[in-house]
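Participant: After the structure tokens below, expect a handful of questions from me.
Where a number appears in this text, it was derived from the coordinates with a stated rule and is not lab data. None of these values were measured; they are calculated from a predicted model. Heads up, the Cβs are rebuilt from the backbone with ideal geometry, glycines too, and the neighbour counts pull from every protein chain shown.
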Amino acid sequence: MPPTRKLLIATHNRGKLKELSFLLGGVPFELVSLSDVGIEHDADETGDTLEENATLKAETYARLSGLPTLADDSGLEVEALGGAPGVHSARYAGEGATDEDRIALLLKNL
């Protein structure tokens, strides 16, 4: 039997890894997380779009691991706010803000 090929999923989140394992159940790869390969480094998310950030993460982690890598990025885009917070969702209320802080700011801005 040939050795199992690995596909790095760019996350430390076990729930996300489990979900993707289910969705990609037929692929001939062993899905592994950043934690599984010993990567603690956070990729810079300096893109202007969610797609650019996902690409930056995939390229960074592929380079660090030597493995083919699948990454995603997500954000909340509110039409009434011109698409904000969008790519900046995680930092919408500033560094160190909680989910509650971000929700409160979003509601205030609506």
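Participant: Enumerate the lysines that K16 could reach by cross-link, defined here as Cα to Cα under 17 Å, with residues fewer than 8 away along the same chain left out.
Facilitator: Correct list for K16: K6, K57.
Participant: Here is a further query. Hey, what do the phi angles of the range 50-56 turn into as Karplus ³J(HN,Hα) couplings, whole Hz, using 6.51/-1.76/1.60 and θ = phi - 60°, x for Gly and Pro?
Facilitator: Once rounded to whole Hz, the list reads 4, 4, 4, 5, 4, 5, 4.
Participant: Something else about it: Would you please give the residues with an amide H less than 5 Å from that of L7, counting only those at least 5 places away or on a separate chain, with H modeled from the backbone geometry?
Facilitator: Under 5 Å from the amide H of L7 lie the amide H atoms of E30, L31, V32, each far enough along the sequence or on another chain.
Participant: While we're on this one: Would any residue of the range 80-110 have its amide N under 20 Å from a label point 7 Å out along Cα→Cβ of D48? List them or say none.
Facilitator: Inside the label zone: 81-92.
Participant: Something else about it: Rounding to the nearest 20 debye, state how big the charge dipole of the chain is about its Cα centre with +1 on each Lys and Arg Cβ and -1 on each Asp and Glu Cβ.
Facilitator: Roughly 460 debye, rounded to the nearest 20.
Participant: Now, a different point. I'd like to compare 55-61, 39-45: which one has the highest average count of other Cβ atoms within 10 Å, and what's the full order after that? Before the final figure, lay out each step's value.
Facilitator: On the way: 55-61: 18.4, 39-45: 13.0.
Going by the mean number of other Cβ atoms within 10 Å, highest first, we get 55-61, 39-45.
Participant: Could you work out how far apart the two model spin labels at A90 and K108 are, taking each label as a point 7 Å from the Cα in the direction of the beta carbon, and quote it in nm?
Facilitator: Using points 7 Å along Cα→Cβ, the separation is 2.3 nm.
Participant: Quick check for you: which residues of the range 54-77 have the amide N under 18 Å from the point 7 Å beyond the Cα of H41 toward its beta carbon?
Facilitator: Under cut-off, by backbone N: 54-72.
Participant: Rounded to whole Hz and in sequence order, give me ³J(HN,Hα) for the range 57-70 from the Karplus expression 6.51 cos²θ - 1.76 cosθ + 1.60, θ = phi - 60°, writing x for Gly and Pro.
Facilitator: These are the phi-based 3J(HN,Hα) values: 5, 4, 5, 4, 6, 5, 5, 5, 9, x, 10, x, 9, 10 Hz.
Participant: Shifting gears a bit: Could you run the Karplus curve 6.51 cos²θ - 1.76 cosθ + 1.60 with θ = phi - 60° over the range 92-103 and give me ³J(HN,Hα) per residue in whole Hz, x for Gly and Pro?
Facilitator: Whole-Hz 3J(HN,Hα) from phi for the range 92-103: 4, 9, x, 4, x, 5, 8, 4, 4, 4, 5, 5.
Participant: Compute the long axis of helix 14-23 from its Cα atoms, compare it with the longest principal axis of the Cα atoms of the chain, and write down the angle in degrees, 0 to 90, nearest 10.
Facilitator: The helix 14-23 is inclined about 70 degrees to the chain.
Participant: Next question. Using the Cα centre of the chain as origin and beta-carbon charges of +1 (Lys, Arg) and -1 (Asp, Glu), tell me which of L105, F29, L17 is placed farthest towards the positive end of the dipole.
Facilitator: Highest projection toward the positive end goes to F29.
Participant: Jot down the per residue volume, in cubic angstrom and as a whole number, of the convex hull over the alpha-carbon atoms of the chain.
Facilitator: Details: hull volume 13.4 nm³, N = 110.
Per-residue hull volume (Cα only) is 122 Å³.
Participant: Right, another one. Neighbour counts of other C-beta atoms within 10 Å: give me L34, L81, L17 arranged from fewest to most.
Facilitator: Listed from fewest to most nearby Cβ atoms, that is L81, L17, L34.
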